[in-house]
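I have placed the structure first, in the form of structure tokens, so that the comments after it can refer back to it.
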């Protein structure tokens, strides 16, 4: 009797097996052959589950995003102030060596997305943005409901995300200390949105 393979599970398995390869070599320097070798499958098998190298990269980055989302959801459920939730959610990408490698891949992905005009990359970026906006919305909504911050802060969620993307670029280009900059930004942000009777 033939073995039935769940295509989505196999895709995810190949992506998980190839994660370290992408972190070590970057997007431009990996090949289908290297991915197949790393995943322990034949090159032909890769094409049974993926259309091209970009498709595999999307899947691997999706794994990173899922890991990041999981940590963010754990963070927003912690019993800490809204200000600390926002600081930590913005700083998470700069928290350890593993995240620094992911950040490097994300920067490369951004550069390729911005210069290639590949519709799939643009759509993928939009989908990722929506996922993170949902998390930021949840943090801000909870704070508004608790009357910690002004209701108008809801309109700034997109700007928070845009700031975080800008910090990804600026911390590399200008060598900014992202954690210090994020702390300063969030302090200023809360000066504007915090209810005056909250200390």
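Data for the structure
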| quantity | calculated |
| --- | --- |
| All positions within the stretch 110-126 that are out of contact with any helix residue (DSSP H, G or I) (no Cβ under 8 Å at 6 or more places or on another chain) and not in a helix (DSSP H, G or I) | 117 |
| Candidates 129, 107 - the one that is within 14 Å of the chain's Cα centre (by Cα), free of Cβ contacts under 8 Å to residues at least 40 places away in the same chain and in a helix (DSSP H, G or I) | 129 |
| Residue in the stretch 76-84 that is under 13 Å from the mean Cα position of the chain (by Cα) and in contact (Cβ under 8 Å) with a residue 24 or more places away in the chain present | no |
| Any hit, the stretch 57-75, residues being part of a loop (DSSP other than H, G, I, E, B), within 20 Å of residue 182 (Cα to Cα) and either at pLDDT 90 or above or over 20 Å from the mean Cα position of the chain (by Cα) (or both) | no |
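A quick yes/no check of all residues on (1) under 20 Å from residue 66 (Cα atoms); (2) surrounded by 13 or more Cβ atoms within 10 Å (Cβ to Cβ); (3) out of contact with any strand residue (DSSP E or B) (no Cβ under 6 Å at 6 or more places or on another chain):
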site: 126; (1), (2), (3): yes, no, yes
site: 133; (1), (2), (3): yes, yes, yes
site: 138; (1), (2), (3): yes, yes, yes
site: 150; (1), (2), (3): no, yes, yes
site: 163; (1), (2), (3): no, yes, yes
site: 170; (1), (2), (3): no, yes, yes
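The values are calculated or read from the model by the stated rules, or taken from the named source; none is laboratory data. Small disclaimer: the values here were computed from a predicted structure and weren't measured. Cβ coordinates were reconstructed from backbone atoms using ideal geometry, including for glycine residues, and neighbour counts include every protein chain displayed.
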